[in-house]
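First the structure, in the form of structure tokens, and then the observations on it.
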Amino acid sequence: MTTDNPFPAENPFAVPSELPYQLPPFDRIEIGHYLPAFERGMAEQRAEADAIAADPEPPTFENTLVALERSGRILQRVSAAFFNVTSSDTSPELQEIESTVVPLLSAHSDAIMLDRSLYQRIQTLYDQRESLGLDAESSWLLERYHTEFVRAGARLSDEEHVRLRELNAALAGLATDFGNKVRDEMKASAVVVDDVADLDGLSDDAIAAAEQAARDRGLERGYVLNLILPTAQPALASLHNRDLRKRLHTASVTRGGRGDEHDTTDLVRRIVRLRAERARLLGFEHHAAYQISDNTARTVRAVEEMLAKLAPAAVANAQTEAEDLQAAIGPEITLEPWDWAYYTERVRRERYAIDETELRPYFELERVLWDGVFFAAGKLYGLRFEERPDLPAYHPDARVFEVLDDDGSPLGLFIGDFFTRTSKRGGAWANALVPQSRLFGTAPVVVNNLNINRAPEGEPTLLTLDEVRTLFHEFGHALHTLFSQVYFPKFAGTRVPRDFVEYPSQVNEVWMLWPEVLENYAVHHETGDRLPQEIVDRLQAAKQFNEGFATTEYLAASLLDLAWHTLTVDDLDAMGDQPIDVREFEAAALERAGVAVPFVPPRYRTPYFAHIFSGAAYSAGYYSYIWSEVLDADTVDWLVEEGGLRRELGDTFREGLLSKGGSADSMQVYRAFRGRDPLIEPLLKRRGLIAVS
Ligand SMILES: [Zn+2]
């Protein structure tokens, strides 16, 4: 990396944005700006860190930790904008920059985290921590820096540092390879259908989408069913043609393991091996112990105990559901995995008379957003929203809203980017473009991304029930980001442990079916009629329907994640030269955990489990969703008991929990807010798991 690169002042990342809330000036950012800004940003932060390390003054909180928090401003600005567009609106050029930049960032981070003089200063402060007179947030900052340096390997020998850097670089590369292969394999495994009659059962929209997908791939005729990342493919719920269902299901579950150029099993073996080796180098039994020790769960054992409490009940419920389905099918056909969703929909219609197509006219995007999501935030927290078309976003579909507090004071910006497009990755997520911090005087700017199919020109976009839930969920992350009241940017908003971060977003889902909210937004887009109460009642009654399946497929994926990441170097050595058979390993792991149910495959099978292999964040962390849901269900219990959508409750949740971000130990924050440890019973009750536990 060279520091003598010209870095012109007109590069938009050179200085803080002058737009309101320091919104990145997307109207001025060009592709050519990113790489120079990354290079300059890393060089700048490296120089800042070197200066801190070489400071002849003895270490103080100010000259070491605050100085570190202040470092890397250019890098922060360019990273936030760049990784936002590589997720939301990528291109081959951006992907090329990404593959250049990711290993550089990994090496840059190692250079700082493995700097001995820097670590020595932090260790000195840490040893003096009782006598420094720090306030609570500053003490926690010291605690966190110390922990993070130790976890990164600062205490290891020079020789070990060499190996660690190699492992980190290799793992960064393998993760990128895994992600790319999974993406290419999804395209390659799409199911081609010649005859439209085979698509019987799909909606007109879905058939039109399949036809478009065929044209997109250059086919002159026919239809293509594209795969989505999880095992369960949406079309399985409605395709009448059983052979086609079987083809689609098989394409999904055999992805990445067919021994062709998209096979990922060798990558899995290498990632698992290198992670185990790195964990041992860092003084941990295995990768799972390393990852979980810095989460609120603390130990693998705690996670295993929690999952073991849920698994038998979930599996028993799934078995009962299977019997129901078999009864609905009749004796001629034996239930197979590709039949599950199809007959589930039939039973759902028969038992609850709920038909998705009947609901969608009541869920028009603008109404759900303004009269549902924003309305609930208004009632609960007093927020107001003003759309700001004058502020530039990174894509014409990304809409900017200014968020105001009850008294009209400015809080931050919310960007909603709701529609799917080929340049956007799958799924839904929230990310901060500007983190809140009092150190820099910044207010938050947060983005929500979804993948909703846009309606044809001139027609309203109607959502599925699931999409409505996702809108409320992601907005929960946005609220966590917007309400942040921390001093140090390290703690802004959602910068909390992985197994805590889904908690506030899951709580926000409760408002979606809350009567006062639902009746405000669920209005038929043509007739203006409200969603009839009897449909609402049926929705409420159907809440636990198919939860045995949903919980089992989720737990199976979580347990698989743990099985891979509790392998030790010794375990792997004991296998000798024989490479692990991924399929056999997976089957044995599910069997051992008691979740091997033939018609309920894991939500992700090993070869396409991108959450845990294409990035490190969720490795040994897929359990986080249900771990967070314990807190969510426990909090929703409190909301229900105290009367629901009331300002006092919103203010209590906001001040006691959401505003704290990561500025203190998350479980201590929870206890202080709730007045006790979380209870698991509300979660069991919600998922209908109480009977068996
Ligand atoms: Zn989430």
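The values are calculated or read from the model by the stated rules, or taken from the named source; none is laboratory data. What you see is a predicted model; the values in this text were computed from it and never measured. Backbone-built Cβ (ideal geometry, glycine too); neighbour counts: all protein chains shown. When the accessible area is computed, the model is the full protein with side chains, heavy atoms only, and any ligands, DNA or RNA have been set aside. Shrake-Rupley method; radii C 1.70, N 1.55, O 1.52, S 1.80 Å.
Can you give me the orientation-averaged projected area of the convex hull built on the Cα atoms of segment 316-435, in nm²?
The directionally averaged projection comes out at 12.1 nm².
From the mean inverse distance of alpha carbon pairs (Kirkwood) and the Cα radius of gyration, derive Rg over Rh for segment 174-318.
Ratio value, two decimals: 1.11.
With N denoting the number of residues in segment 209-288, provide Rg(C-alpha) divided by 2.2 N^0.38 Å, to two decimal places.
1.62
With a 1.4 Å probe and all protein chains left in place, how much accessible area per residue does the chain have, in Å²?
With the other protein chains kept in place, the chain gives 43 Å² per residue.
Please work out, to two decimal places, the log10 of the ratio I(q)/I(0) at q = 0.27 Å⁻¹ from a Debye calculation in which every Cα of segment 338-385 carries one identical scatterer.
Result of the Debye calculation: -0.90.
Is there a quick way to get the dipole size of the chain? I mean about its Cα centre, with the Cβ of Lys and Arg at +1 and of Asp and Glu at -1; what is the value in debye to the nearest 20?
On the way: 71 positive and 111 negative charges, 195 e Å.
The dipole magnitude comes to about 940 debye.
Just the number, please: percent antiparallel of the DSSP beta bridges in the chain, rounded to the nearest 5.
80
Tilt of helix 31-54 relative to the longest C-alpha principal axis of the chain, in degrees (0 to 90, nearest 10)?
It is inclined by approximately 50 degrees.
Going by average Cβ neighbours within 10 Å, how do the peptides 125-135, 544-554, 320-330, 678-688 rank, with the highest at the top?
544-554, 678-688, 320-330, 125-135
Rounded to the nearest Å, what's the spacing between the alpha carbon centres of segment 453-472 and segment 234-295? Just the number, please.
Distance between centres, Cα-based: 31 Å.
Which of K379/K660; K187/K543; K309/K490; K424/K543; K187/K246 have a Cα-Cα distance over 24 Å?
Beyond 24 Å: K187/K543; K309/K490; K424/K543.
Where does segment 480-635 land on Rg(C-alpha)/(2.2 N^0.38 Å)?
1.39
Across the chain, how large is the tail of the calculated P(r) beyond 35 Å, expressed as a percent of all Cα pairs?
More than 35 Å apart: 46 percent of the Cα pairs in the chain.
Would you mind telling me the share, in percent, of accessible area of segment 540-693 contributed by carbon and sulfur at probe 1.4 angstrom?
Carbon with sulfur: 50 percent of the solvent-accessible area.
Ratio of alpha-carbon Rg to the 2.2 N^0.38 Å globular estimate for segment 565-606, to two decimals, please.
Here the answer is 1.32, to two decimals.
Please identify the GluC sites (Glu not before Pro) of segment 209-308 that satisfy two criteria: DSSP loop assignment and at most 11 other Cβ atoms within 10 Å. Which are they?
On the way: sites: E211, E220, E261, E277, E285, E304, E305; in loops: E220, E261, E285.
Taking segment 209-308 and a limit of 11 other Cβ atoms within 10 Å, the loop GluC sites (Glu not before Pro) found are E220, E261.
Let me have the relative contact order for the chain, percent, based on Cα pairs under 8 Å that are six or more residues apart.
16
I'd like the orientation of helix 340-352 relative to the chain: the angle between its Cα long axis and the longest Cα principal axis, in ° from 0 to 90, rounded to 10.
Taking the Cα atoms of the chain, the angle to 340-352 is about 70 degrees.
Between the DSSP loop rule and a limit of at most 10 other Cβ atoms within 10 Å, which trypsin sites (Lys or Arg not before Pro) in segment 515-562 are left?
none
Using the basic label-point model (7 angstrom from Cα toward the beta carbon), what is the R242 to E305 distance in nanometres?
With each label point 7 Å from Cα toward Cβ, the separation is 4.7 nm.
Counting only protein heavy atoms and using a 1.4 Å probe, what share of the accessible area of segment 343-441 belongs to carbon plus sulfur, as a whole percent?
47
Quick one: work out Rg over Rh on the C-alpha atoms of segment 93-171, Rh as Kirkwood radius.
1.11
Cβ under 10 Å from A522's Cβ, A522 left aside: what net charge do those residues give with Lys, Arg +1 and Asp, Glu -1?
My count for the surroundings of A522 gives -2.
Summarise the accessible area of segment 1-63 (1.4 Å probe, protein heavy atoms) by the percent that is carbon and sulfur.
Carbon and sulfur: 54 percent of the exposed surface of segment 1-63.
So what's the net charge close to R388: Lys and Arg +1, Asp and Glu -1, counting the other residues with Cβ under 14 Å from its Cβ?
Summing Lys and Arg as +1 and Asp and Glu as -1 gives -3.
Can you give me the angle between helix 265-281 and the longest principal axis of the chain, using Cα atoms only, in degrees from 0 to 90, rounded to the nearest 10?
40
May I ask for the net charge around P20, where only other residues with Cβ less than 11 Å from the Cβ of P20 are counted and Lys, Arg are +1 while Asp, Glu are -1?
That sum, taken over residues with Cβ under 11 Å, equals -2.
For segment 639-693, what mean projected area does the convex hull of the alpha carbons give, in nm²?
With the hull built on Cα positions only, its mean projection is 4.8 nm².
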